[in-house]
Structures are given as structure tokens and as C-alpha cells.
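Down below is the structure, laid out as C-alpha cells.
The values are calculated or read from the model by the stated rules, or taken from the named source; none is laboratory data. Keep in mind that this is a model prediction, so the values were computed, not measured.
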Amino acid sequence: MNNSSTNTQISFPELVAIVKTLSTSEKQLLTEALWDDNMPVFEEHQKLVQDRMEKGRRHPERLLNWDAVSKSLG
């Protein structure tokens, strides 16, 4: 991977084209760099997940088994 830096502005399609030229291992490194553990989770997203988990605890009979669902999809 080339480690040089420039101040050149590129469009999103140009960026995608560049990323597609990377090796699989370079794409993995890029993914890890973009999705690091320090990414903030917005409070409203946290609340949404907590509300859904609580609803599942209150009504476990409404939950679906993932194995059964995935078999029905595929």
C-alpha cells in the first residue's frame, strides 16, 4: 500500500475506484481503520436498541429463532 499523502480532492466514485484496486488484506485494514472501536454510538440509537431488547424480554413468545428464519429465506 502506498503511504504517501496528498491534498488532492477526489470524488466518491473516484475513491471507490481506488479502493477496488486494493488487495483483500489492504481492504481489510481499511475496513478496520474506518470501523474502529472508538466510533461513537448516538444516544437515540442506544435507546432504540435498549427499547427493543426490553420488548423482547417482556414478550419472548414474539421472538423468532434465527436458524429457522435463515432456513426459510434461503
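Computed quantities for the displayed model
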item	result
Single match in Leu29, Leu63, Leu22 (criterion: within 17 Å of the chain's Cα centre (by Cα) and among the hydrophobic types (A, V, I, L, M, F, W, C))	Leu29
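One line per residue, one yes/no per condition, for (1) at pLDDT 95 or above; (2) of a type outside the set (D, E, K, R):
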site: Thr6; (1), (2): no, yes
site: Asp36; (1), (2): no, no
site: Leu48; (1), (2): yes, yes
site: Ser70; (1), (2): no, yes
